[in-house]
Amino acid sequence: MTGRVYKSTGSWYTVKTELGQTYECRIKGKFRLKGIKSTNPIAVGDFVDFELDTKSDNETGVINKIHDRDNYIVRKSVNLSKQTHIIASNIDQVFLLVTIDNPPTFTSFIDRFLVTAEAYDIKAVLLFNKVDTYDQDTLNEVRYLAHVYRQIGYECVGISAKTGKNIDKVKSMMSGKVSMFTGHSGVGKSTLVNAIEPSLDLKTKEISMQHMQGQHTTTFAEMFDLSFDAKIIDTPGIKGFGVVDMEREEVGDYFPEFFALKQDCKFNNCLHLEEPKCAVKNALENDEIAASRYRSYVQILEGEEEHYRTDNWDKE
Ligand SMILES: Nc1nc2c(ncn2[C@@H]2O[C@H](COP(=O)(O)OP(=O)(O)OP(=O)(O)O)[C@@H](O)[C@H]2O)c(=O)[nH]1
Ligand SMILES: [Mg+2]
Ligand SMILES: [Zn+2]
């Protein structure tokens, strides 16, 4: 039988067939995929072949094959092993939920996420959530960031999962597609899923006033079929997108506004650092490129890790 992985909790995988039956499955053998050293061999979104376990109850199965992935998105674990973890596969688009405060989302995090999405060729959308809580200054910050990212070509929507603002817009963007929600713990991923499909009634949590950060309410990725021909993958809060397996020369290509200028740099292998006659640095000086974007770029090149918050994925 063939099915799709909807949930994985360590050694068991919930697999749903085209007819809509679900089976709890284990894996048999090793699934080492070319070029990926991941901590999880099978991820939510994967298509797999499995056999029913006739010896037991015919209710559980054994996965014996994984189909080639169209794409996948990974994160790097924060522990020393720096192993990669596949968050989800075969997705059409990723929505990054951003909150300005409560908890804060920094541009360095947004930019690492966007680089990851570009590298894996997955459409990325920024959702600025909790606009119902923002004062004028914070709203101006949202407007500024939305302007910066729209200019580069990313869709940006200000939303409130609580009041329902612009939720219809998000729904129409999701129609007919497999979407993934990601972002720090506490930004409102599960609340947004609930706003879109109230019957799911996912667990959400108050964010700790003491630490001003999320509590890791969602503990594993899970895919849901929605009532309007769409699938959504809710994921645990993420601390950082380590930029995986990328050459220094490649990083600039995943900043679309840098890539567009590259041909005007004097050197065709320009890293946009200290080289003379660099079109990117020129644009930066003329305020045509956001300083925060350039800062993020340099940080990635220097291999600086973001280090704040714990990451629920690493508790697995
Ligand atoms: N005021 C307001 N609160 C919101 C909004 N969206 C989410 N929240 C609140 O933010 C808190 C965290 O929401 P969750 O949906 O649990 O966050 P999450 O991103 O799923 O967090 P993890 O599962 O830990 O990754 C909850 O108390 C929500 O009620 C919003 O648009 N406005
Ligand atoms: Mg959640
Ligand atoms: Zn350059």
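The values are calculated or read from the model by the stated rules, or taken from the named source; none is laboratory data. Note that the structure is a prediction, hence the values are computed from the model and not measured. Positions of Cβ are generated from backbone atoms using ideal geometry, with glycine treated the same way; all protein chains shown enter the neighbour counts.
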Next on the checklist: Residue under question is residue 142, and the condition is that it be within 26 Å of residue 217 (Cα to Cα) and over 18 Å from the mean Cα position of the chain (by Cα); does it hold?
Outcome noted: yes
Checklist outcome for this item: For segment 203-239, the count of residues that are closer than 30 Å to residue 271 by Cα and at pLDDT below 70 equals 0
Item to check | Within segment 160-183, tally of residues that are farther than 19 Å from residue 44 by Cα and within 15 Å of ligand 2 (Cβ to nearest atom) | outcome: 2
Checklist entry - Out of 190, 185, which single residue is within 19 Å of residue 235 (Cα to Cα), touching a residue at least 40 places away in the same chain (Cβ under 8 Å), part of a loop (DSSP other than H, G, I, E, B) and within 16 Å of ligand 1 (Cβ to nearest atom)? => result 185
Next on the checklist: Whether any residue in segment 71-79 is charged (D, E, K, R), under 30 Å from residue 239 (Cα atoms) and modelled with pLDDT under 90 is what I want to check.
Outcome noted: yes
Checklist outcome for this item: Residue hits (segment 115-147; surrounded by fewer than 18 Cβ atoms within 10 Å (Cβ to Cβ) and more than 16 Å from residue 93 (Cβ to Cβ)) are 132, 133, 135, 136, 137, 138, 139, 140, 141, 143, 144, 147
Checklist outcome for this item: Flagged in segment 20-44 as at pLDDT 85 or above and of a type in the set (Gly, Ala, Ser), in numbering order, are 20, 43
